[in-house]
Amino acid sequence: MSQIHVVGLDLAKQIFQVHAITSEGAAVVRRQLRRSQVLTFFSKLPSCLVGMEACGGAHFWAREIARLGHQVRLMPPNYVKPYVKRGKIDAGDAEAICEAVSRPGLPPFGGPCSKLVHRRSRDDGRASGRH
């Protein structure tokens with residue numbers, strides 16, 4: 001698994017879909033992971049870029065995966081949708097996330113015209129729940 005360069009992770013309640021590519025763009029991993037297997041899977045990978053659609057649970061997973069040494073980028077779903085090749089299929093969504101996050105025109109978050117979502121800390125999540 002040392003050749004993995006970019007990972008697209010489609011989040012769900014129980015079964016997550018993973019799509020990983022090499023630096024040349026060849027798909028090397030297409031598999032499903034149960035919730036309990038996600039951190040184990042990413043702990044075995046060398047540091048790489050991980051893309052996810054931004055949602056409530058994505059912030060938790062982004063923090064946990066970043067803690068393992070990966071670079072995590074959260075994207076709004078409307079930036080992923082143009083890359084979906086087939087209908088609403090989890091494997092297709094993971095592939096589209098992988099494609100979207102690896103595009104050179106997608107800047108890292110923090111700039112004035114950023115297309116990515118800033119990862120929230122636990123305290124940020126708690127504060128927004130009080131409003």
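The values are calculated or read from the model by the stated rules, or taken from the named source; none is laboratory data. Note that this is a predicted model, so its numbers are computed, not measured. Note that we place each Cβ from the backbone using ideal geometry, even for glycine, and neighbour counts take in every protein chain shown.
When you scan the range 70-81, do you find a residue that is among the aliphatic types (A, V, I, L, M) and over 13 Å from the mean Cα position of the chain (by Cα), even just one? No, that holds for no residue. If we scan the range 4-20, do we find a residue that is outside any strand (DSSP E or B), of a type in the set (S, T, N, Q) and either in contact (Cβ under 8 Å) with a residue 24 or more places away in the chain or over 25 Å from LYS81 (Cβ atoms) (or both)? No, because not a single residue in the range 4-20 is outside any strand (DSSP E or B), of a type in the set (S, T, N, Q) and either in contact (Cβ under 8 Å) with a residue 24 or more places away in the chain or over 25 Å from LYS81 (Cβ atoms) (or both).
Which residue is surrounded by the most Cβ atoms within 10 Å (Cβ to Cβ), if the candidates are limited to the range 21-42 and must be more than 15 Å from the chain's Cα centre (by Cα) and part of a strand (DSSP E or B)? Ranking the candidates gives VAL28 first. Residues in the range 43-74 that are part of a strand (DSSP E or B) and under 24 Å from GLN3 (Cβ atoms): LEU49, VAL50, GLY51, MET52, GLN71, VAL72, ARG73. Going by what's in this entry, would ILE89 be described as closer than 14 Å to HIS5 by Cα and of a type in the set (A, V, I, L, M)? Taking the combined requirement at face value, the residue does not satisfy it. Within the range 49-75, restricting attention to residues that are at pLDDT below 90 and not hydrophobic (A, V, I, L, M, F, W, C), the residue that is farthest from GLN17 (Cα to Cα) is GLY56.
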